[in-house]
Structures are given as structure tokens and as C-alpha cells.
Amino acid sequence: MNFSFFLENEEATKLFAQDLALALKPGDLVTLQGNLGAGKSTLARSLIRALANDNTLDVPSPTFTLVQDYQLPQFEVIHADFYRLSMVEEIDELGLHEAREQSVLLIEWPEKGADLLGPATFAITLQHENCGRYITVASAAHSAKRLQHSFAIRSFLTTHGRGHVHRYFLASDASARSYELLDDGHHQEVLMDAAIMQTTHDVNSSYSEITHLAKDIRQFVGISRLISDNGFSAPRIFVEDFEKGFLILEDLGREGLLDQTGNPIEERYLACSELLATFHQKSWPSEKQFATFLLQIPYYDYQTMQAELSLLLDWYIPFQKQKSLNEKQRKAFFTCWHPYLDMLTQGENTFVMRDYHSPNILWRAHKKGIDRIGLIDFQDGLKGPTVYDLVSLAQDARCYISPTLEAKILDAYCNARRQAPRSFNEDKLRKLYALAGAQRISKILGIFIRLHQQDGKSSYLKHLPYLQDYLARNLSHPTLADLQSFYQEMGILADTL
């Protein structure tokens with residue numbers, strides 16, 4: 001598949017480079033071909049700066065060094081210039097074959113031997129035309145779809161008066177969603193790209209249906225409005241396209257709950273705990289009619305929790321033990337959990353954001369009170385156990401929370417609840433907290449192994465040791481003695497921190 005463009009000036013080249021950068025992934029080979037002065041180095045520089053999210057990054061030409069290596073936030077980029085190669089055998093000495101699998105290779109003058117590295121993912125040809133450049137991109141159909149999708153986002157932005165903005169990768173999460181930072185030089189916004197979620201939702205449709213995962217962005221929009229209407233800080237939505245799966249959101253910033261070394265900032269976690277106490281005073285509807293759609297919030301029921309627990313059996317245990325449980329053991333597992341799930345589903349309930357932890361909470365130091373806390377990633381929210389979001393925070397799946405800090409977070413919540421109008425039973429809450437924690441961590445252990453094995457996201461493995469520690473803490477509660485014994489007998493509990 002071929003794409004052709006006329007880039008009238010350097011700014012147009014930068015925008016194209018950003019569109020291409022957001023379509024790249026490790027393993028891609030990008031070749032730049034054209035006469036001397038055609039603009040290969042200019043495009044390469046813009047592309048690397050776009051991948052680095054840094055418009056001022058020094059990107060020297062590799063004409064004399066042959067190779068320049070960039071360790072960027074998303075992945076490594078290797079920029080090579082083959083112009084001075086005298087023999088194609090020299091390519092082997094550069095180590096590019098080994099690097100290709102985990103890096104993006106950007107090759108100028110590919111006609112000198114880049115074909116030894118395999119077919120180009122994106123083969124780009126440039127030539128001068130008047131005051132600009134004419135550019136052609138050749139790509140196989142499967143990789144061309146990525147570039148087409150990036151162009152579709154640019155078209156969406158143009159339709160809504162933002163065709164000139166600079167686009168930078170912001171984040172992706174454990175789902176199919178991804179986020180971009182939009183910058184016009186004076187103002188920043190965030191683009192949510194959930195188009196893949198909408199088109200591939202049926203890949204794991206059975207699990208997704210049972211556990212009520214959001215099918216499209218309407219769920220995010222509706223819940224965001226509910227949260228804002230109740231006095232909490234969710235991003236404002238400036239533009240929505242339900243069919244394409246695109247949203248343009250308010251930028252709530254980049255500061256979160258962790259310090260620069262990735263450790264929790266106690267003050268912020270305690271403030272988030274106190275926010276939950278206020279959050280749990282509100283009345284949250286099960287459905288609400290908006291102008292263009294009906295928001296329905298499902299219940300976090302027994303079937304949902306059981307399906308989540310199955311992830312431990314299907315993914316984590318085979319990874320940990322190198323063998324799966326047999327049918328008799330699986331049946332015993334769910335039989336053991338049965339009374340505990342009944343207990344959990346019959347306790348106090350409210351709206352559950354479901355992933356109320358550091359990746360999804362933003363800290364706005366310039367604000368006051370609960371306005372300091374920005375909430376995101378709540379589209380999979382359900383009506384369920386009040387304690388669920390509390391345990392999500394106090395046993396953060398992306399950051400180690402010590403037993404001491406966990407106790408402070410739980411105490412801060414209970415202290416705030418005592419001062420609030422809605423009564424609660426603290427002893428029962430602490431019991432259900434341990435139970436919800438055991439269920440949640442069992443689920444997450446399975447999810448993280450699935451992300452590693454199915455999606456190639458091995459970075460999630462680093463969280464396993466403290467997730468095991470959380471699991472042991474939860475199962476040590478006297479009420480969960482039978483469950484603890486079962487986990488020990490099955491060898492599910494590992495050495496803790």
C-alpha cells in the first residue's frame with residue numbers, strides 16, 4: 001500500500017513525522033531514500049524528536065558515526081546512515097540485525113544494503129518539488145493500517161480545528177486505549193484513542209461481557225459527567241466522536257502520587273483515601289439518560305468476581321507452577337471462594353471506579369482539598385463493594401505500599417467516614433477490605449501474566465513480588481483462614497517481601 005503527500009514546508013514535515021512516530025512500534029524498519037538534500041536527515045530528526053517528545057533534542061547526522069542510538073521513553077531508536085558504507089558486509093558489524101527485534105531502525109541511504117535487514121516496514125522516498133518535498137510511503141497492508149489510523153486521528157483533529165497541533169505519545173494502559181498529548185504551543189489537551197477497543201472488543205468477548213468491561217467511549221463520557229456533577233475532578237470533554245472512538249479531553253497534568261523514584265508520597269495517598277470517604281457519601285445511580293445515549297452501570301456481582309478469579313487459574317498458576325490445576329482442583333478453588341464472594345457482594349455497595357490507584361490518579365498541587373485529585377480511567381466502573389476502591393488505593397498494583405502506609409491509608413478513610421453522615425461498621429469494613437483485597441490481587445496476578453504472555457508486556461512482571469505480599473497480608477485476616485489454607489495447599493502463596 002502506498003501513501004503520497006506534498007509537504008509544503010518544515011512545519012508540515014514535523015507534523016507528518018509525528019503522525020508516523022505514533023504509528024511505530026519495536027521491530028519496525030523505516031527506510032529513507034532520496035537524493036542528496038532531499039530532506040532525509042530533516043525528516044529523521046523530526047521523527048526522532050517526535051518519538052522523544054522533545055522538540056529541542058540534539059539529533060546529529062550519523063553520516064560519519066554510521067549509527068546513533070537513542071534510548072527513548074517508549075523504545076530504543078537506532079538511526080543509521082549507510083552513505084559511507086563501502087561493503088554491505090559492514091552492516092553485520094553494526095549489530096543492526098540483533099537490534100531490530102526490540103528497536104525501531106531508521107535507515108538513510110537504504111539502497112546501500114538495508115535489504116539485508118529484511119523488508120522495510122515503512123519505505124519512504126523523498127524528492128524536492130518547488131519549495132517543499134514530495135513524499136511516498138510504501139508499506140505492507142498490516143503495518144499500513146497503523147499509519148492509516150494515525151492519519152485518521154490527524155483528520156479528526158483537523159475537522160475540529162486542531163489540524164495544526166503537535167502530537168506526542170502520552171501513555172497506553174493495560175487495555176486497548178492509548179493517549180496523546182496535543183500541543184498548539186500555547187495550550188495542551190489530551191486525546192483518548194479507544195478505536196481499537198471498539199473494533200476488537202470481541203477478541204475476549206466472553207470475559208469482557210461477564211466482567212462488564214466498557215465497550216465504547218460512551219461509558220467514559222457518561223461516568224465522567226456523573227463524577228463531575230458530584231463535585232469531583234474528572235477531565236472535561238471538549239470533543240467526542242462515539243463512532244471513531246476519539247475524545248479530546250482536558251489535560252489534568254502529569255503529576256501523580258509517586259515521587260521521582262517511583263515511591264508513594266504519603267500525603268497524597270492519605271488525601272486520596274479521604275476523597276473516597278466523601279465519594280462514598282454520594283448516591284450513584286445505576287443508569288442515567290443523557291441527550292444522545294443511556295448510561296447503564298452494571299453490578300459487580302458474583303459471576304463477575306468469579307470470572308476475574310479464573311484469571312489466577314488460567315494464567316498465573318500455570319506460569320508460577322509450570323502446570324495447570326486439574327478440574328477437581330479448579331472446582332475446589334471456586335467452592336472455597338463461594339461463601340466469601342457471597343459475603344462480598346452482600347456488603348455495603350456504591351459506585352466502584354475499579355482501578356483507583358497511582359496510574360489513574362493525578363495530583364494538582366495548585367488546587368485545594370479534593371480538587372487536588374484528578375480522576376481518570378473509570379469507564380469500567382460498576383456498582384459494587386464500597387471497600388474495593390479503598391483496597392485498590394492502599395494495595396496499589398503499580399507501586400509497593402508498605403504495611404505501615406497501608407494502615408495509615410485505611411485509618412484515614414475510617415476517620416473520615418466516622419465524621420460523615422452515612423454510618424458504617426468499621427469491623428465489617430476491615431473484614432471485607434481483606435476479602436476484596438484477596439479477590440483483587442488474585443485477579444491482577446492473572447492479568448499481569450496475561451499481559452506478559454499474550455501482549456508481550458513483560459514490564460508487568462516486576463510487580464509480582466509485592467502483589468504476592470499483598471495477597472499474604474489479606475489472607476492473614478482471621479475471617480479468611482479457610483481461604484488462606486487452600487492457597488497454601490495449592491502452593492499459590494509464594495515467599496513474600
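Quick rundown of the values:
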| item | result |
| --- | --- |
| Some residue of the stretch 46-56 being more than 32 Å from the chain's Cα centre (by Cα) and modelled with pLDDT of 90 or more | no |
| The stretch 223-254: number of residues that are surrounded by 15 or more Cβ atoms within 10 Å (Cβ to Cβ), in contact (Cβ under 8 Å) with a residue 24 or more places away in the chain and under 19 Å from Leu275 (Cα atoms) | 11 |
| One residue from Phe5, Phe16 being within 24 Å of Leu157 (Cα to Cα), surrounded by 19 or more Cβ atoms within 10 Å (Cβ to Cβ) and touching a strand residue (DSSP E or B) at 6+ places or on another chain (Cβ under 8 Å) | Phe16 |
| Residue check, Thr304 closer than 28 Å to Leu181 by Cα and of a type in the set (Ser, Thr, Tyr) | no |
| Leading residue by the ranking (farthest from Tyr70 (Cα to Cα)) among those in the stretch 113-138 that are touching a residue at least 12 places away in the same chain (Cβ under 8 Å) and assigned to a helix (DSSP H, G or I) | Leu116 |
| Output for the stretch 86-112, where each listed residue is assigned to a loop (DSSP other than H, G, I, E, B) and crowded, with 17+ Cβ neighbours inside 10 Å | Trp109 |
| Scan of the stretch 340-379 for residues that are of a type in the set (D, E, K, R) and over 27 Å from Leu483 (Cβ atoms), ordered by number | Arg364, Lys367, Lys368, Asp371, Arg372, Asp377 |
| Residue among Ile444, Ile449 that alone is under 18 Å from the mean Cα position of the chain (by Cα) and under 30 Å from Gln296 (Cβ atoms) | Ile444 |
| Selection within the stretch 130-146 - touching a helix residue (DSSP H, G or I) at 6+ places or on another chain (Cβ under 8 Å) and either farther than 17 Å from Gln33 by Cβ or surrounded by fewer than 18 Cβ atoms within 10 Å (Cβ to Cβ) (or both) | Gly132 |
| Filter result (hydrophobic (A, V, I, L, M, F, W, C), out of contact with any His (no Cβ under 7 Å at 6 or more places or on another chain) and modelled with pLDDT under 90) within the stretch 115-138 | Leu116, Cys131 |
| Scan of the stretch 332-353 for residues that are surrounded by fewer than 15 Cβ atoms within 10 Å (Cβ to Cβ) and charged (D, E, K, R), ordered by number | Asp342 |
| Index of the failed condition, Pro318 passing every other in (1) over 24 Å from Gly437 (Cα atoms); (2) out of contact with any Asp or Glu (no Cβ under 9 Å at 6 or more places or on another chain) | (1) |
| Among (1) in contact (Cβ under 8 Å) with a residue 12 or more places away in the chain; (2) surrounded by 15 or more Cβ atoms within 10 Å (Cβ to Cβ); (3) over 20 Å from Leu390 (Cβ atoms), the one test that Arg440 misses | (3) |
| Where a residue in the stretch 18-39 is within 18 Å of Gly132 (Cα to Cα) and in the same structural domain as Ala144 (by TED's automatic domain parsing) and its partner, wherever it lies, is outside any helix (DSSP H, G or I) and among the polar types (S, T, N, Q), with Cβ under 8 Å and at least six apart | Gln33/Thr125; Gly34/Thr125; Gly34/Gln127; Asn35/Gln127; Ala38/Gln127 |
| Residues within the stretch 204-216 that are without any contact (Cβ under 8 Å) to a residue 12 or more places away in the chain and either under 21 Å from Arg364 (Cα atoms) or in contact with a Leu (Cβ under 9 Å, 6 or more places away or on another chain) (or both), tallied | 1 |
| Residues that are of a type outside the set (Asp, Glu), over 24 Å from Gln296 (Cβ atoms) and either out of contact with any helix residue (DSSP H, G or I) (no Cβ under 7 Å at 6 or more places or on another chain) or modelled with pLDDT under 95 (or both), drawn from the stretch 235-269 | Phe238, Ile248, Leu252, Gly253, Arg254, Gln260, Thr261, Gly262, Asn263, Ile265, Arg268 |
| Sole residue being surrounded by fewer than 20 Cβ atoms within 10 Å (Cβ to Cβ), closer than 21 Å to Tyr300 by Cα and either within 19 Å of the chain's Cα centre (by Cα) or in contact (Cβ under 8 Å) with a residue 60 or more places away in the chain (or both), chosen from Gln281, Gln219 | Gln281 |
| Pairs with Cβ under 6 Å, 6+ apart, first in the stretch 379-392 and surrounded by fewer than 24 Cβ atoms within 10 Å (Cβ to Cβ), second basic (Lys, Arg) | Asp380/Arg354 |
| Flag for Leu461 being surrounded by fewer than 19 Cβ atoms within 10 Å (Cβ to Cβ), closer than 19 Å to His357 by Cβ and not small (Gly, Ala, Ser) | yes |
| Test: residue in the stretch 55-70 that is under 21 Å from Ser143 (Cα atoms), in contact (Cβ under 8 Å) with a residue 24 or more places away in the chain and surrounded by 18 or more Cβ atoms within 10 Å (Cβ to Cβ) | no |
| Check on Ser392, modelled with pLDDT of 95 or more, polar (S, T, N, Q), assigned by TED's automatic domain parsing to the domain that holds Tyr316 and touching a Phe, Trp or Tyr at 6+ places or on another chain (Cβ under 8 Å) | yes |
| Enumeration of residues in the stretch 127-136 that are of a type outside the set (S, T, N, Q) and over 35 Å from the mean Cα position of the chain (by Cα) | His128, Glu129, Cys131, Gly132, Arg133, Tyr134 |
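Residues checked against (1) out of contact with any helix residue (DSSP H, G or I) (no Cβ under 7 Å at 6 or more places or on another chain); (2) among the hydrophobic types (A, V, I, L, M, F, W, C):
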{"residue": "Pro421", "(1), (2)": "yes, no"}
{"residue": "Gly437", "(1), (2)": "no, no"}
{"residue": "Leu451", "(1), (2)": "no, yes"}
{"residue": "Lys462", "(1), (2)": "yes, no"}
{"residue": "Leu467", "(1), (2)": "no, yes"}
{"residue": "Tyr470", "(1), (2)": "no, no"}
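The values are calculated or read from the model by the stated rules, or taken from the named source; none is laboratory data. Quick caveat: nothing in here was measured; it's all calculated off a predicted structure. FYI the Cβ positions are ideal-geometry reconstructions off the backbone, even for glycines, and counts take in every protein chain you see.
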